[in-house]
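What follows draws every value from the coordinates through simple rules; no lab data is involved. Not measured: the values here are computed from a predicted model. Cβ sites come from the backbone with ideal geometry, for glycine too, and all protein chains shown count toward neighbours.
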Amino acid sequence: MTQVPCHSRCDLTSCVAGAAFLAAVASAGMLAGFSSTLALAKKKSPDWFDKGVVSTAAAPESGASLALRALGRGSVFACCGVGLLSAAVWKLLGVHTLVEFRQKMQSILPSIPKSAEAGSEPVDWDSVFKSK
């Protein structure tokens, strides 16, 4: 088994800070989208919105609790599905570390040429998608 070189403390700190930033931005986006959708629903039909917030005899479960249950189940299914797909690709490629995964993907996928100036010369798409 190959050993992965140790990363410096600065690299680890920047990775954690980057992950925290991405998580904060994603959370803020989800919260803004959810709250704007709720505000729009309440603005369009306030009577139906109020009926969906509390449970009644006709509907023993409120719309909010039904939506939260669906959101929870959907989140679990999405996370498990992505995890299962990732594990299947990992096992099918037969890799054991992220370094091996990167090397395997570089050997499979075509390389993208780097040019000095973007847009200075037309891209030769045949060379970009040529297999190795």
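Starting from the Cα gyration tensor of the range 15-59, take the square roots of the eigenvalues, sort them a ≥ b ≥ c, and report rounded, prolate or oblate (rounded when a/c is under 1.5, otherwise prolate if a/b is larger than b/c, else oblate). Taking the square roots of the gyration eigenvalues as a ≥ b ≥ c, the range 15-59 is oblate.
For K42, a cut-off of 13 angstrom between C-alpha atoms picks up these aspartates and glutamates, skipping any fewer than 8 places away in its own chain: D50. Plainly put, the chain has a radius of gyration that is 1.16 times its Kirkwood radius, both from alpha-carbon atoms, as the Rg/Rh ratio.
Can you spot the aspartates and glutamates whose alpha carbon is less than 14 Å from K51's alpha carbon? Ignore those fewer than 8 places along the same chain. Filter leaves E61. Between S86 and V99, residue separation times 0.36 nm minus the direct Cα-Cα distance comes to 3.1 nm.
Compute the relative contact order of the chain as a whole-number percentage, counting only Cα pairs closer than 8 Å that sit 6 or more residues apart in sequence.
On the way: 37 pairs, mean separation 15.0, N = 132.
Answer for the chain is 11 percent.
Pairwise over distinct Cα atoms, reciprocal of the mean inverse distance: report the Kirkwood radius of the range 60-121 in Å, one decimal place. Spell out each step's value before the answer.
Values: mean 1/r = 0.0634 Å⁻¹.
In the range 60-121 this quantity evaluates to 15.8 Å.
Annotation note: GluC sites (Glu not before Pro) in the range 24-119 located in DSSP loop regions with a Cβ neighbour count of at most 14 within 10 Å are E61, E117. Under a cut-off of 23 Å between alpha-carbon atoms, report the lysines in cross-link reach of K104, not counting same-chain residues fewer than 8 places apart. Candidates past the 8-residue exclusion: K91, K114, K130, K132. Membrane-span-like helices in the chain (whole DSSP H runs, Cα extent of at least 27 Å along the helix axis, mean Kyte-Doolittle hydropathy of at least 0.0): 9-44, 63-93.
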